[in-house]
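The values are calculated or read from the model by the stated rules, or taken from the named source; none is laboratory data. Remember, predicted model here, so these are calculated numbers, not experimental data. Here the Cβ is made from the backbone with ideal geometry for all residues, glycine too, and neighbour counts use every protein chain on show. When the accessible area is computed, the model is the full protein with side chains, heavy atoms only, and any ligands, DNA or RNA have been set aside. Shrake-Rupley method; radii C 1.70, N 1.55, O 1.52, S 1.80 Å.
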Amino acid sequence: MNPIQMVDLKSQYQKIKNEINAGIAEVVESSAFINGPAVHGFQSALENYLSVKHVIPCGNGTDALQIAMMALGLKPGDEVITSAFTFIATAEVLGLLGLTPIFVDVEAHTFNMNVAEIEKAITPKTKAIVPVHLFGQCCDMEPLLDLAKKYNLFVIEDACQAIGADYTFKDGTTKKAGTMGTIGCTSFFPSKNLGCYGDGGALFTHDDHLDYLMRGIVNHGMFKRYYHEMIGVNSRLDSIQAAVLSVKLKHLDEYAAARRNAANFYNEAFVGNPKLITPSCADYSSHVFHQYTLRLQDVDRAKLIENMNSVEVPVMIYYPVPLHLQNAFASLGGKTGDLPVTEALCNKVISLPMHTELSLEQLEWITRHLLKFL
Ligand SMILES: *Cc1c(COP(=O)(O)O)cnc(C)c1O
């Protein structure tokens, strides 16, 4: 049995090695390292896949979130409502731009923002909502979008963990994660569901003016060569990464299916065990299982981790500290008890290995040892 890893990019590469190597060689031969045909080709392939009018490639997912806030003209003091049960980047960019993150609680079963809590947090200063489609499942976007419309708020989707997930509206239409709000953001960090071999990210929008603004912002606020209309950033996806992504995009649905198979195996093994709550799958969203995250009931989590590690099974806690209790946000005055659901989750979640290359043998090993420990 191959060693079990949280993410196994090496085995995945072995299967697509020829295509990837050819794509990279083509970029190197052409020497069009920045903004070359590979980037344009990937951009249109992704626009097609997502059915979104514009994909704007950029340097990483964190930049994408920052560029979105800049393009929307958000100003210091503006309030932006988001989740505290996410990776720091979601709210970090708010801090960088002087915007005020307002953290609201999540639903215990989906780990995603609770729409009723969002409405309670809206004030005259609120300008935007940032839903995070955590672990690969969409937030319940229809009521969230209705709320945003009612209060005239922007919606910036953090789709860094959910590329490819489908949301189904009440009328039966479906849309991809990241294409429902004003702007969607994603990351191509290697371990993400669509990952490159370095850093990368992208913004999505249906709005022509925002597309225009964001293409300028990623390039130093420059719309005409050496004429700078605004302060921008330097954030680009390089051609080598785009070549890798073009190959991997073709496999994305197949990769999601492999992740779902692994999740089903876990679910079936754990069904009925009172100490484990398996991830819930909402009827309004497909799940692309960026992570497979269990909630533990009356289990010593530290002991579980130690035990699993002793049989060579890595497990991770996503996330141990909610954002409102991070030192980086101490100035906001968040305290324990503010977000009870989020805080409880931080104390009882555990994520198992999840990637496209998990073998039956590995899945059996993981589930057998976890159940034995319990
Ligand atoms: C990975 C991630 C980001 C940041 O993406 P980078 O490409 O690492 O900058 C932001 N938000 C979420 C939810 C993420 O998982």
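Observations on the structure shown:
One line per residue, one yes/no per condition, for (1) of a type in the set (V, I, T); (2) under 14 Å from P353 (Cα atoms); (3) open to solvent by 70 Å² or more (accessible area, probe 1.4 Å); (4) not assigned by TED's automatic domain parsing to the domain that holds I366:
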position: Y266; (1), (2), (3), (4): no, yes, no, no
position: G272; (1), (2), (3), (4): no, no, yes, no
position: L276; (1), (2), (3), (4): no, no, no, no
position: Y284; (1), (2), (3), (4): no, no, no, no
position: R301; (1), (2), (3), (4): no, no, no, no
position: I305; (1), (2), (3), (4): yes, yes, no, no
position: E312; (1), (2), (3), (4): no, yes, yes, no
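- In region 197-208, the residue that is most open to solvent (accessible area, probe 1.4 Å) out of those that are near the ligand (Cβ under 10 Å from one of its atoms) and either touching a Leu at 6+ places or on another chain (Cβ under 6 Å) or among the acidic types (D, E) (or both) is D199.
- All conditions in (1) free of Cβ contacts under 8 Å to residues at least 40 places away in the same chain; (2) open to solvent by less than 20 Å² (accessible area, probe 1.4 Å); (3) within 23 Å of F42 (Cβ to Cβ) hold for L144, with the sole exception of (3).
- Some residue of region 15-37 being in a helix (DSSP H, G or I), closer than 30 Å to E92 by Cβ, hydroxyl-bearing (S, T, Y) and in contact with a helix residue (DSSP H, G or I) (Cβ under 9 Å, 6 or more places away or on another chain): no
- Scanning region 233-249 for residues that are in a helix (DSSP H, G or I) and among the hydrophobic types (A, V, I, L, M, F, W, C) turns up I240, A242, A243, V244, L245, V247, L249.
- Complete set of residues in region 85-99 that are touching a residue at least 60 places away in the same chain (Cβ under 8 Å), open to solvent by less than 40 Å² (accessible area, probe 1.4 Å) and either out of contact with any strand residue (DSSP E or B) (no Cβ under 6 Å at 6 or more places or on another chain) or more than 14 Å from the ligand (Cβ to nearest atom) (or both): A89
- Of the candidates Y167, Y197, Y212, the single residue that is more than 16 Å from S286 (Cα to Cα), within 19 Å of the chain's Cα centre (by Cα) and at pLDDT 95 or above is Y197.
- Some residue of region 46-68 being among the small types (G, A, S), touching a helix residue (DSSP H, G or I) at 6+ places or on another chain (Cβ under 6 Å) and either more than 30 Å from K125 (Cα to Cα) or assigned to a helix (DSSP H, G or I) (or both): no
- Of the residues making up region 317-374, those that are in contact (Cβ under 8 Å) with a residue 60 or more places away in the chain, open to solvent by 70 Å² or more (accessible area, probe 1.4 Å) and under 25 Å from L96 (Cβ atoms) are A328, L332.
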